[in-house]
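Chemist: Take this structure first; my questions come after.
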Amino acid sequence: MINYNQAIEKIDSLLTFGSRPGLDRIKKLLSLMGDPQNDLKCVHVAGTNGKGSVCNMLASILTAAGYKTGLFTSPHITDFCERIQINGSMISHEDLEELTEKYFPLVLHMRENGDIITEFEFVTAIAFQYFKDQNCDVVVLETGMGGRFDATNVIPTPLCSVITSISLDHTAILGNTLTKIAFEKSGIIKENGITVFLPQEDEVNAELCENAEQRNNSIIKAEMIEEKATSIDGTVVIIDETEINVPLLGHHQMKNLGVVMAAVDALRQQGFNIGTNHIKAGVEAVRVPARFEILCREPLIIADGAHNPDGMRTLADSIDRYLNDKNIICVIGMLKDKESREAAKNLIGRVVEIVATTVPDTPRTRTADDMRAVLSDIGLKAHAIPNAQEAVKYAVRKAAESENTMVLICGSLYLSAHTRGVCIDFANSLSMLQYD
């Protein structure tokens, strides 16, 4: 029996093959496994931004309503097993070991025949198998990239197809216009289903409606939830005359909550018993790492996974709403395939110091010097610290020494994943020294 580290090594070895859109390979793999995806009832979620928050809120609500709920998301922040959860609990290391040992030989067998399985395809396949083995009532399924050729898009018609905010990202693969990207995302819409989407730009709305109508889907348009009160500690909303405290920060989360409520409506139409009490319990219990997440209060440290222009605009809005009285030291690292220049423009006038760093353990990263050059090109003076952990230590130390100063980590979910723990530990150690 392989151990957990060996299982992760096998899975990580598939990263060599990068991302390869297409469904033929995963269909072959799943066929060898007995097509576990065909036995699942799924809510399928695609979009450029917001899909992680939507998936987590919806899964938490379904769990609160008493349904055994699977959740598949990516990437992970602290533990690989975050990607595959049931009722808020990650797949155990033992179960991941067992699934990897059982099904990885199929990957090697397929490779001998010229079919290369990628990391995301394999993880998607074993997630399907796990959810089937555990007899999940419902699975909330997040796409990786795109939709039409995403590995998750092998499922039959889902309970509903959910499209969140769409903006320019992965343009080399998905297209360089909103219409093209909306077309790719709407590829998750299946025949005779229900489509839920957030109304946005006219060209996006037109593309989503056209694809939904062509596939004989009923359409539910989400409506933004109004705020009653908001602060850095959360937002209060009223749903069905019930006060709900939303722990996820940012005005954009009201859009995401609106999408969740529209998806709940779609599920209720199909017999799911979801009451307002379940919505309240589920929303108030949800926690999503690296989405404007407060890591430490003294000094204030916030991690946000914003990694494209639209995400950074949303982050800028949250800075203006919650942090306009703070001096912000920003640690930023981004990947080479992101629109780094346009994304970083949203930091102009909002930060007092920028540290450019390198996102660890990915060949897709921009180097710290390259990131600094991007920032310099748009008039943002920055200095480079290539080691991400040293970069956040520098920023935290300086914030702790300066009045009304905080740290913001942004640019990549991978950066947040690699620095989150050391950031918290280092801040705590500084606090202990100050206390002593």
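Only the coordinates and a few stated rules stand behind these numbers; no lab work does. Bear in mind the structure is a predicted one, so any value in this text is a computation, not a measurement. Don't worry about glycine lacking a Cβ; one is built from the backbone with ideal geometry, like all the others, and counts go over all protein chains shown.
Chemist: Would you mind ranking 393, 190 so that the residue whose beta carbon has the fewest other beta carbons within 10 Å leads the list?
Modeler: Listing 393, 190 from fewest to most nearby Cβ atoms yields 190, 393.
Chemist: Also: Mind sorting out which of (1) 121; (2) 145; (3) 164 is the real volume of the Cα convex hull per residue in Å³ computed from the coordinates?
Modeler: (2)
Chemist: Same structure, new question: What is the angle, in °, between the Cα long axis of helix 413-435 and the longest principal axis of the Cα atoms in the chain? Nearest 10 is fine, range 0 to 90.
Modeler: Approximately 40 degrees, to the nearest 10.
Chemist: Turning to a different aspect of this structure: Scale the Cα Rg of segment 293-435 by the rule-of-thumb value 2.2 N^0.38 Å and send over the ratio, two decimals.
Modeler: That works out to 0.95 for segment 293-435.
Chemist: Starting from the Cα-Cα distance between residue 424 and residue 297, subtract it from 0.36 nm times their residue separation and give me the gain in nm to one decimal.
Modeler: Once the chain is fully extended between residue 424 and residue 297, it gains 44.7 nm.
Chemist: How far is helix 51-64 tilted off the main Cα axis of the chain, in degrees rounded to 10, range 0 to 90?
Modeler: 60 degrees
Chemist: Still on this structure: Hey, for a label at residue 218 modelled as a point 7 Å past Cα toward Cβ, could you say which residues of segment 7-50 have their backbone N under 12 Å away?
Modeler: Answer for segment 7-50: none.
Chemist: Also: What do you get for Rg/Rh of segment 68-226 when both radii come from the Cα atoms and Rh is the Kirkwood radius?
Modeler: 1.00
Chemist: Report for the chain the percent antiparallel among DSSP-assigned beta bridges with both residues inside it, nearest 5.
Modeler: 35 percent
Chemist: Between residue 228 and residue 387, what's the calculated FRET efficiency when r is the beta-carbon distance and R0 is 41 Å? Round to 0.05.
Modeler: Efficiency computed from Cβ-Cβ geometry: 0.40.
Chemist: How do 297, 83, 364 line up, fewest other C-beta atoms within 10 Å first?
Modeler: Going from least to most buried by this count: 297, 364, 83.
Chemist: When a/c is below 1.5 the answer is rounded, else prolate if a/b is larger than b/c, else oblate, so apply that to segment 93-170 with a ≥ b ≥ c taken from the square roots of the Cα gyration tensor eigenvalues.
Modeler: Values: a/c = 2.25, a/b = 1.32, b/c = 1.71.
The shape class here is oblate.
Chemist: Another one. Return one number: the angle in degrees, 0 to 90 and rounded to the nearest 10, between the long axis of the Cα atoms of helix 368-377 and the longest principal axis of the Cα atoms of the chain.
Modeler: Roughly 80 degrees, rounded to the nearest 10.
Chemist: Going through the cross-link list 185/338; 345/381; 51/398; 10/393; 28/338, which pairs have a Cα-Cα distance over 23 Å in this structure?
Modeler: Over 23 Å Cα-Cα: 51/398; 10/393; 28/338.
Chemist: Moving on to the next point. Please give the calculated 222 nm ellipticity per residue for the chain, where each DSSP H segment of at least 4 residues contributes -39500 (n - 2.57) and the sum is spread over every residue; nearest 500 deg cm²/dmol?
Modeler: -13500 deg cm²/dmol
Chemist: Check cross-link reach from residue 336 to the aspartates and glutamates: straight Cα distance under 15 Å, and skip same-chain residues fewer than eight apart.
Modeler: Residue 336 reaches 169, 361, 369, 370.
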